[in-house]
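The values are calculated or read from the model by the stated rules, or taken from the named source; none is laboratory data. Please read all numbers here as calculations on a predicted model, not as lab measurements. Backbone-built Cβ (ideal geometry, glycine too); neighbour counts: all protein chains shown. The accessibility values were calculated without ligands, DNA or RNA, using every heavy atom of the protein model including side chains. Shrake-Rupley method; radii C 1.70, N 1.55, O 1.52, S 1.80 Å.
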Amino acid sequence: MSKKIATVLTNLFEDVEFTSPAEAFREANHEVVTIEKKAGNEVTGKQGKTTVKIDKGIDDVTPEEFDALFIPGGFSPDQLRADTRFVQFVDAFIKEDKPIFAICHGPQLFIQTDRLKGRTVTGFTSIRKDLENAGADVKDEEVVVDNNIVTSRTPDDLPAFNREALKLLQ
């Protein structure tokens, strides 16, 4: 069954951490909906190779419309976590136990929700201490699955990340 995946991103996302999972989701017949501050905005990856036209503005969506959440890495998550609208959006997915996929710096958005206590995650090396300080049990593994949350560290982990994310979408 096809799922609708909310994808939150803004400028300076890690190109391949968006394109690889998005392609895997689409190939499996899932719908990938990009969300930023305003529909129609164009955001560019930090490598400058990927430009994405945003489908929906954060004020135009609700978590109830989606089956899962995808958070690519790069500098995008750090920028988005400063906006309470995105934090509340992510928080709703955690509260409702909907599938969430976050790679590299993506888990930074979890920190702002105060819902990491008792959760096991991974992320890019520079955010692991922040995740620990937020109460998470942090692993240095290519992919960590904690119930509804799939996390990975870097682009090198994308095959495992995509595989485990697709399993949760079944």
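Tell me, which residue of segment 113-130 that is among the charged types (D, E, K, R) and touching a strand residue (DSSP E or B) at 6+ places or on another chain (Cβ under 7 Å) is nearest to residue 94 (Cα to Cα)?
119
Going through segment 79-96 one residue at a time, which ones are without any contact (Cβ under 8 Å) to a residue 60 or more places away in the chain and among the polar types (S, T, N, Q)?
Selection gives 84, 88.
Of the residues 124, 110, 86, 75, which single one is closer than 13 Å to residue 6 by Cβ and modelled with pLDDT of 95 or more?
86 is the lone residue from the list that is closer than 13 Å to residue 6 by Cβ and modelled with pLDDT of 95 or more.
Among the residues of segment 42-87, what is the count of those that are in a strand (DSSP E or B), under 20 Å from residue 101 (Cα atoms) and open to solvent by 10 Å² or more (accessible area, probe 1.4 Å)?
2
Report, by residue number, each residue of segment 1-29 that is open to solvent by 20 Å² or more (accessible area, probe 1.4 Å) and in a loop (DSSP other than H, G, I, E, B).
1, 2, 3, 11, 12, 14, 28, 29
Taking the condition in a helix (DSSP H, G or I), at negative phi and open to solvent by less than 10 Å² (accessible area, probe 1.4 Å), does residue 90 pass?
Spelling it out, residue 90 is indeed in a helix (DSSP H, G or I), at negative phi and open to solvent by less than 10 Å² (accessible area, probe 1.4 Å).
Within segment 131-163, which residues are assigned to a helix (DSSP H, G or I), open to solvent by less than 30 Å² (accessible area, probe 1.4 Å) and touching a strand residue (DSSP E or B) at 6+ places or on another chain (Cβ under 8 Å)?
131, 157, 158, 160, 161 - these are the residues of segment 131-163 that are assigned to a helix (DSSP H, G or I), open to solvent by less than 30 Å² (accessible area, probe 1.4 Å) and touching a strand residue (DSSP E or B) at 6+ places or on another chain (Cβ under 8 Å).
In segment 145-163, which residues are among the acidic types (Asp, Glu) and in contact with a Ser or Thr (Cβ under 8 Å, 6 or more places away or on another chain)?
Within segment 145-163, just 146 meets the criteria.
Conditions first: (1) part of a loop (DSSP other than H, G, I, E, B); (2) open to solvent by less than 10 Å² (accessible area, probe 1.4 Å). Residue 39 passes all but one, so which condition is the exception?
(2)
Do we have residue 4 as closer than 25 Å to residue 163 by Cα and touching a residue at least 12 places away in the same chain (Cβ under 8 Å) here?
Judged against the criteria, residue 4 is a match.
Would you check which residues across segment 97-130 are touching a residue at least 40 places away in the same chain (Cβ under 8 Å), more than 13 Å from residue 73 (Cβ to Cβ), buried (at least 18 other Cβ atoms within 10 Å of the Cβ) and out of contact with any Lys or Arg (no Cβ under 9 Å at 6 or more places or on another chain) and list them?
98, 100
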